[in-house]
Amino acid sequence: MVGKREATRRDLTERLLVAATARIKQHGLKGLRARDITADANCGLGTIYKCYAALDDLILHVNSLTITDLEKALAAARSSSEEPVEQLTALASAYFAFARENRNSWSALFDHRMPESVTIPDWHLQEHMALFRHVMMPLAKLNPTLSDDALALRARSVFSAVHGIVALSLEGRFVGVNVDAVETELTTVVRALVAGLSLN
């Protein structure tokens, strides 16, 4: 049975997570302050450090929720077809749609940096790897002779290509693709990549 003190701590932990998630969704990481989060959660400033190691730790937990949502979107996209090339193009489209619809939360996954002295916890790294597995599975069907290491590297290459197109476009960079053309270009690039990579 959970004691009253532990129940209170859990409640505060959840309230802070909800408040930080809402802040990041609305404003992104820019200007995120512990003072605003604790005010939104209706608790004292010092409370955040009783529930989380630091503000960076709280951000990791917010990012964890984003990864969970993104993973669900990718899983649904991959299950839409049994054909590996179609799976990969569906994954690229789903990734773009998620990034576009959840711009601030998605950006926080890549904009957040832990202090140099702090190691990213293994549980968070494993969550990121869960995303890569959706890319690895269809790639493995296309080239079943690849070793696990080579397959992981190839998945990273495909992801990097898709992410680069999505990020540059959503940021409005002059080298980016017009947002209205992103889906078409993603399909073209992914098919071209797969055609070339599956030969090696």
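What follows is calculated from the coordinates using simple rules that are stated; it is not laboratory data. Just so it is clear, the model here is predicted, and its values are computed rather than measured. FYI the Cβ positions are ideal-geometry reconstructions off the backbone, even for glycines, and counts take in every protein chain you see.
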Based on this model, can you work out whether Ser169 counts as in contact (Cβ under 8 Å) with a residue 12 or more places away in the chain and over 14 Å from Leu88 (Cβ atoms)? yes
Name the pairs: first residue in segment 45-67 and under 13 Å from His124 (Cβ atoms) and touching a residue at least 60 places away in the same chain (Cβ under 8 Å), second residue among the hydrophobic types (A, V, I, L, M, F, W, C) and outside any helix (DSSP H, G or I), Cβ to Cβ under 8 Å, at least 6 apart or on different chains? Asp56/Met114; Asp56/Val118; Leu60/Met114; Leu60/Ile120
